[in-house]
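Peer 1: Have a look at this one before I ask anything.
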Amino acid sequence: MSDHTMTFQLKDIRKSVDPCTIVIFGASGDLTARKLIPAFYHLFKDKLMPPTFRIVGFARREKTDDSWRQELRTALDQFSRTKPVDETVWKEFAANVFYCRGDLAEAADYKKLEELLTSFGSGPLRENLLFYLATQPSQFGQVIEELHRAELLHKEGAGWQRIVVEKPFGHDLASAQVLNRELTRYANENQVCRIDHYLGKETVQNILMFRFSNSVFETLWNRNSVDHVQITVSETLGVGERGGYYEEAGALRDMAQNHMLQVLSLIAMEPPVSLEAESVRDEKVKLLKSIRPITPDDVAKQVVRGQYFAGLVNDQPRPGYRQEPKVKTDSNVETYVAIKLFIDNWRWSGVPFYLRTGKNLPMSASEVRIQFRPTPNVLFAAQCGNHLDANALTLRLQPNEGISLRFNGKVPGMSLGVRPVRMHFSYGAEFGAYTPEAYERLLLEAMAGDATLFIRRDEVETAWGIVDSIRASWEGKPLTNREFYAAGTWGPVAAEDLLAQSGHVWRDPQVIK
């Protein structure tokens, strides 16, 4: 049997999910129509939902069960990952979908919700409850308190209850701590599922599989072989209609504090003792706590911010950030950030990790590049000079997910020519087009009670501690000319300077076909 046809499958690891009821607060919002209901529909279609379940939407607008189902059906035509929608499957699914009109601030409406849930029966559909808070974070505390008063949320008791919340988890360390206290006032930490949709992406999850099931790479995954690491999350979009939000958040809070530090922790963490949730999350927190603190004095040497001005992205004109709706005309909010981090542990001592993210860049891509140490300056390096590139391993998280290994090869011919070449693994080519949406994975994990992909309280607070000093250092300081960049370019000149200090250059994502 050839290697290509040999397949090893340890076991069918489909999640065992108890019958339960899912309650979506803020159900009339965009998230429900775009992400949540399509995800539940596809889980149902793939026979991954519990054998019996109910989905209840809770929102202020006046709707009936039938009118809400029709709204969701219309949205599914637009947002389903497979088209056309299977009408037979939808009808079976929709029979389990209900609506409860209610105000988040009205205790009587939670009583009405409790009566609806009780009408489903006295067993698991009433006792096993997943509360999805698709609301403003400022409303989390009130919703949780009212659920407790209505006897729908308990730390101990029959069945299980879990709370799912979306980022942002605060806007700094102090607010994150307050939010965490609110979330755990009437629930245990293990009942709270903090969602970062990045962790639901197939290729992000594959980082651990790639690292710890392939000895050929894991033995190189340390300071002895790795020169530096680059993590890039680039977007071709500007802030658009999100100007008001971005004025409060900026790139550091919006992307670096969560998505990028999450990817960094998976790339650099030590092997967990098992694949159980707490073992994996313990190692992620240990890694974050090993990051060398960036003091306000260090910010000028290790962090670059940037802001785009008018330019062309894919030949389309884009306005400058200060010309976007709801943005101040003299705003100093960053739309780009690059950070140089050091991890003070045995494995990574002295290896710089470069993180960058930005809006209105030439390409939308997320990738991790492991840049290996160059060969000694003898033999081929001495003869070929700059043509002999250092080896690199690139994990492309999106789009065109895959893994590439870059090494040097001899150009055919009589002379000693060299050229970097690439071996590339593509998820699409190897496994076909299907990959589940991140929300499908995360919602299934929440129903199953597997916390591996959710962010723990101490992880959130540690990440905020890393970035708070950066925000403090920027306070009241205007952007300089070297911190502005034209839309459609790879960022400000200051970001190039950041790497040049150590003799490095950014390796921009390339189009992969």
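Computed from the coordinates by the stated procedures, all read-outs in this text should not be read as laboratory data. Since the structure is predicted, the reported quantities are computational estimates derived from the model, not experimental observations. In this analysis, Cβ positions are derived from the backbone assuming ideal geometry, glycine residues included, and neighbour counts consider all displayed protein chains.
Peer 1: Given the pairs K35/K284; K47/K91; K301/K326; K45/K83; K91/K111, which are separated by over 20 angstrom at their Cα positions?
Peer 2: Correct reply: K35/K284; K301/K326; K91/K111.
Peer 1: If R0 is 60 Å, what FRET efficiency do you get for E248 and T375 from their C-beta distance, rounded to 0.05?
Peer 2: Working from the Cβ atoms, E equals 0.80.
Peer 1: Rounded to the nearest 5, what % of DSSP beta bridges with both residues in the chain are antiparallel?
Peer 2: Counting DSSP beta bridges with both partners in the chain, the antiparallel share is about 55 percent.
Peer 1: Quick check on the chain: helices-only [θ] at 222 nm, where DSSP H runs of length 4 and up contribute -39,500 (n - 2.57) each and the sum goes over total residues. Nearest 500, please.
Peer 2: Helices in the chain give a 222 nm mean residue ellipticity of -9500 deg cm²/dmol.
Peer 1: What FRET efficiency comes out for Q136 versus M423 if R0 is 51 angstrom and r is the Cβ-Cβ distance? Round to the nearest 0.05.
Peer 2: 0.60
Peer 1: In nm², what is the average projected area of the convex hull enclosing the Cα atoms of segment 20-166?
Peer 2: Approximately 8.3 nm², given one-decimal rounding.
Peer 1: Turning to a different aspect of this structure: Once fully extended, how much extra length lies between D298 and Q398, figured as 0.36 nm per residue of separation less the alpha-carbon to alpha-carbon distance?
Peer 2: Stretched fully, the D298-Q398 segment lengthens by 32.8 nm.
Peer 1: Starting with the highest mean, order 80-93, 269-282, 143-156 by the number of other Cβ atoms within 10 Å, averaged over the residues of each peptide.
Peer 2: 143-156, 269-282, 80-93
Peer 1: Per-residue counts of other Cβ atoms within 10 Å, averaged by peptide: what ranking do you get for 464-472, 191-199, highest first?
Peer 2: 191-199, 464-472
Peer 1: Could you list the residues of segment 266-293 with an amide nitrogen less than 20 Å from a label point located 7 Å from the Cα of S502 in the Cα-to-C-beta direction?
Peer 2: Within reach of a label on S502: 266-270, 287-293.
Peer 1: Take each of the peptides 450-461, 343-354, 308-319, average the number of other beta-carbon atoms within 10 Å over its residues, and list them starting from the highest.
Peer 2: 450-461, 343-354, 308-319
Peer 1: In addition: Which three semi-axes in whole Å describe the equivalent ellipsoid of segment 47-127, each the square root of 5 times a Cα gyration tensor eigenvalue, listed largest first?
Peer 2: After scaling each eigenvalue by five and taking roots: 25, 17, 9 Å.
Peer 1: Write down the Kirkwood hydrodynamic radius of segment 199-500, to one decimal in angstroms, obtained as one divided by the mean of 1/r over all alpha carbon pairs.
Peer 2: It is 20.9 Å.
Peer 1: Report the relative contact order of the chain, percent, no decimals, based on alpha-carbon pairs under 8 angstrom and at least 6 residues apart.
Peer 2: Computed value for the chain: 17 percent relative contact order.
Peer 1: Roughly what would the spin-label model give for E430 and S225, points 7 Å off Cα along C-beta, in nm?
Peer 2: 1.7 nm
Peer 1: What's log10 of I(q)/I(0) for the chain at q = 0.11, 0.12 Å⁻¹, Debye sum over Cα points only, no solvent?
Peer 2: Evaluating at q = 0.11, 0.12 Å⁻¹ gives log10 I(q)/I(0) of -1.06, -1.23.
Peer 1: Subtract the Cα-Cα distance of F309 and K326 from 0.36 nm times their separation in residues, and report this length gain in nm to one decimal.
Peer 2: Extra length available between F309 and K326 comes to 4.5 nm.
Peer 1: Could you tell me the distance between the Cα centroids of segment 429-508 and segment 187-251, to the nearest Å?
Peer 2: 7 Å
Peer 1: Next question, about the same structure. Whole Å is fine, so just give me how far the alpha carbon centre of segment 90-110 lies from that of segment 253-287.
Peer 2: 36 Å
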